[in-house]
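Presented below is the structure to which this report refers.
The values are calculated or read from the model by the stated rules, or taken from the named source; none is laboratory data. Note that the coordinates shown come from a computational prediction; the quantities given were computed from them, not determined experimentally. All Cβ positions, glycine included, derive from the backbone under ideal geometry; neighbour counts span all protein chains shown.
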Amino acid sequence: MKCYIVKDLLPNYIDGLTGRETAEDVKKHLEDCEDCRTVYGQMSAAIPPETPPEQKNIDFLKKLRTAARRKYARTAILACILLTVLLAGFTIFAINYDIPIPYDPDHMSAEIYQAALITNHNGFFHWTDLDQLNFEDKKEVLAGNHETIDMIRLTCRGIDRTCRIPSESRVIYRNGEKIRVIYYCSTKTLWDILFFKDNGHPGNGWTSGGDIYGGSDYQETYEPEMREIYYLPMRNMDRLGKLSDEEFDALREKATLVWSGVI
């Protein structure tokens, strides 16, 4: 039997549709012909069954759900990152954003106190409130061994301890008179207002140091001068340092006079 005849018969032979004698002839030919045997092997190899349409639809839906879950997961992760960034940004903003407290003459004032020039443990002179002296230093003061003067400080009493008290001062020459103008303000951060209830604890008084005296209460010499202390409700009081003397002095119109005099 010729090869081309056998190759034509192979499909029917593989499906068992040839007669017995023909099948015997094809079989014998395949045993002797390597070329036809190779073709027979290729034709009789198992053909993978076609995936039913229903299964294709199921697989498509699975892939669609998997893609959707991945998309939702990515969206959730991005949302968490964005929320974290927003919360961090809000926290930093709230902690640093000062809100001025309206002036309250019953709790915000300036008071005069006596101070003595004391040498501290570091060997520096320091004007110290007599009420804060230890027993030995008080004895020395009473014995007249230390110079004493009247000084003034800003106080915030009966106000929540979370308050801050920024201040700015400058010497102004007004109508030829030398005057130290001091502005101060009590502020609370947005964070404290939102998350900390006013505990109403009375403060111990607060002194602004250099802003009141134009230098430092650690300096040995002290010269009394005319002072005007104003309560100016504003944020970022350090911005006053950029103003001209005229602009600085003009802020008195927006402020409340708390104390004036020579001290």
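Quick notes on this one:
- Selection count, the stretch 165-183, where residues are in a strand (DSSP E or B) and closer than 18 Å to ALA255 by Cβ: 12
- Residue under evaluation GLU220, criteria (1) acidic (Asp, Glu); (2) at pLDDT below 85; (3) surrounded by 13 or more Cβ atoms within 10 Å (Cβ to Cβ), criterion not met: (3)
- Test: residue in the stretch 147-163 that is at pLDDT below 85 and more than 22 Å from TYR231 (Cβ to Cβ): yes
- Residue count, the stretch 85-110 (criterion: of a type in the set (D, E, K, R) and at pLDDT 85 or above): 2
- Consider the stretch 128-145 and keep the residues that are surrounded by 17 or more Cβ atoms within 10 Å (Cβ to Cβ) and in contact with a Ser or Thr (Cβ under 9 Å, 6 or more places away or on another chain). The one that is farthest from ARG227 (Cα to Cα) is ASP137.
- As for the stretch 144-151, it holds at least one residue that is among the aliphatic types (A, V, I, L, M), within 30 Å of ASP192 (Cβ to Cβ) and not in a helix (DSSP H, G or I).
- Test: residue in the stretch 32-44 that is modelled with pLDDT of 80 or more, hydrophobic (A, V, I, L, M, F, W, C), outside any helix (DSSP H, G or I) and surrounded by 11 or more Cβ atoms within 10 Å (Cβ to Cβ): yes
- Residues in the stretch 45-62 that are assigned to a helix (DSSP H, G or I) and either over 46 Å from the mean Cα position of the chain (by Cα) or at pLDDT 80 or above (or both): 7 in all.
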